[in-house]
1. Being at positive phi, in the same structural domain as residue 258 (by TED's automatic domain parsing) and at pLDDT below 95 is the requirement here; does residue 351 meet it?
2. Consider residue 382 against the criteria (1) under 27 Å from the mean Cα position of the chain (by Cα); (2) crowded, with 16+ Cβ neighbours inside 10 Å: it satisfies all of them except one. Which criterion is unmet?
3. Give the residue, chosen from 267, 315, that is among the hydroxyl-bearing types (Ser, Thr, Tyr) and farther than 23 Å from residue 208 by Cβ.
4. What number of residues within the range 182-193 satisfy the criterion of being surrounded by 21 or more Cβ atoms within 10 Å (Cβ to Cβ) and among the β-branched types (Val, Ile, Thr)?
5. Among all residue pairs at least 6 apart or on different chains, which show Cβ distances below 6 Å where the first residue, located in the range 366-388, is in contact (Cβ under 8 Å) with a residue 40 or more places away in the chain and the second is buried (at least 16 other Cβ atoms within 10 Å of the Cβ) and among the charged types (D, E, K, R)?
6. If we scan the range 139-154, do we find a residue that is among the small types (Gly, Ala, Ser), closer than 23 Å to residue 88 by Cβ and in contact (Cβ under 8 Å) with a residue 40 or more places away in the chain?
7. Residues that are without any contact (Cβ under 8 Å) to a residue 24 or more places away in the chain, assigned by TED's automatic domain parsing to the domain that holds residue 260, of a type outside the set (Lys, Arg) and assigned to a loop (DSSP other than H, G, I, E, B): does the range 173-195 have at least one?
8. I'd like the residue in the range 385-400 that is among the polar types (S, T, N, Q) and closer than 22 Å to residue 304 by Cα and, out of all such residues, is nearest to the chain's Cα centre (by Cα).
Amino acid sequence: MTAAAVELGDLGLDEGAHLLVKRALAGVDVGGVVRVRGRAPTLAIDLDAWCRAQGHAVAPVDTTGATYVADVRRGGAVVGRWRGAERAGAVDPRALGAIVDHPPARWGLAARGATVEAGAAGLDFPLCDRRVVWADEAARLYAQAAAAQWDPATAIPWDAPAPHPPEVEDAIVQVMTYLIENETAALIVPARFLAQLHPHFREVMQLLAIQCADEARHIEVFTRRGALRRDALGLSTQGGQASLATLVREPDFALAAFLLSVLGEGTFLSLLWFLRDHAPDATTREVARLAAQDEARHVAFGLAHLARHAAEEPTLRARLASAVERRHAALAGTAGLNEEVFDALVLLAAGGWDAAALRRGHAAVVALSQDMDAGRQQRLRRLGFTTGEAEALSSLHTRNFM
């Protein structure tokens, strides 16, 4: 006894009639029967071939008249060309089993939650270990980042008055020059790992992509502010370049994220807040404030996924500590933060050449260094380092801030 019927009229399977048959079969259980009627001249041949390919059974009922009638018995849930297919997790990361520990290369570029056909060409993504890359906060941070994107052309008052002395403007240009090369490194690092990340971890992939967009925007606004009233930017030093090169060359995702996001960008947050508080004009103040807003998310993700990683791999903290020590040794022969940047920060905080103001400016930069150290130690403790370990590792962080 048939449970359903589908009338095809004169529509052939090669004209879309197979969609009507598929729809009818979807409405019956495995083993259920759908009666198919149609007048297309080749329906008997085409339906038989289609059913074999899909794993269904077809039994002709009436082949004598103008209307061909056959019963199609639904095959297994995964049949024909879908035999051996598998579900690639679930779309919603909160669903049970949605995020697998090691998504296989055979899933390739398939969307999470899709059914992956057997035999599909796979792609080898080196970053395919959930423990290394995942953070439960990734989706929330991405949504926050997407909502907080800002347009450099409208978010910053580029025509705000700048009543400060020419030397203070020169100091701003030097600091902006320094920020540009640091943000360039901060763009290159996530961009390099982004291409290695398995698409199964799509929230992390999206977050790294928007982090790259943030850094590109920061490079734009720092460059625009530096060139706003000057024809040339400031000095880029050998020591600064050497420090950033160690970040760009770090091949391990966890170690690179630690050195860049937790230590470097975390330290940079203090610098951007310092610039916001001591900016002599509204343009510089907004550039620093909006960049800091973005950088805070980068630090939050670095802490989130490294804290999770460290909880699952207790030996990670030892590797993180070794990375700090290796970087410190590699940079031992460099000068660290260039003198021009240090002096520029002092002058910005002072606001002029008055001796008392310069004393206050110098004290403010010393306090900035102390604030940077305190912030690094706090973040290190959040990753499970003891107070003594955090103090020692923070003291080894590059004097170039990033």
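The values are calculated or read from the model by the stated rules, or taken from the named source; none is laboratory data. Here the structure is a predicted model, which means the values were calculated and not measured. With ideal geometry, Cβ positions are generated from the backbone for all residues, glycine too; neighbour counts draw on all protein chains shown.
1. Spelling it out, residue 351 is indeed at positive phi, in the same structural domain as residue 258 (by TED's automatic domain parsing) and at pLDDT below 95.
2. Against the list (1) under 27 Å from the mean Cα position of the chain (by Cα); (2) crowded, with 16+ Cβ neighbours inside 10 Å, residue 382 comes up short only on (2).
3. Numbers: 267 fails: farther than 23 Å from residue 208 by Cβ.
Going through 267, 315 in turn, just one is among the hydroxyl-bearing types (Ser, Thr, Tyr) and farther than 23 Å from residue 208 by Cβ: 315.
4. Result for the range 182-193: 1.
5. Close Cβ pairs satisfying both conditions: 384/317.
6. The initial filter retains those residues of the range 139-154 that are among the small types (Gly, Ala, Ser), namely 139, 143, 145-148, 153.
From the residues that got through so far, the ones that are closer than 23 Å to residue 88 by Cβ too are 139, 143.
Next cut, in contact (Cβ under 8 Å) with a residue 40 or more places away in the chain only: 139.
The answer is yes; a qualifying residue exists.
7. For the range 173-195, residues without any contact (Cβ under 8 Å) to a residue 24 or more places away in the chain, assigned by TED's automatic domain parsing to the domain that holds residue 260, of a type outside the set (Lys, Arg) and assigned to a loop (DSSP other than H, G, I, E, B): present.
8. The initial filter retains those residues of the range 385-400 that are among the polar types (S, T, N, Q), namely 386-387, 394-395, 398, 400.
Filter once more, so that each one left must be closer than 22 Å to residue 304 by Cα: 386-387, 394.
Values: 386: 29, 387: 30, 394: 26 Å.
Only one residue fits best here, namely 394.
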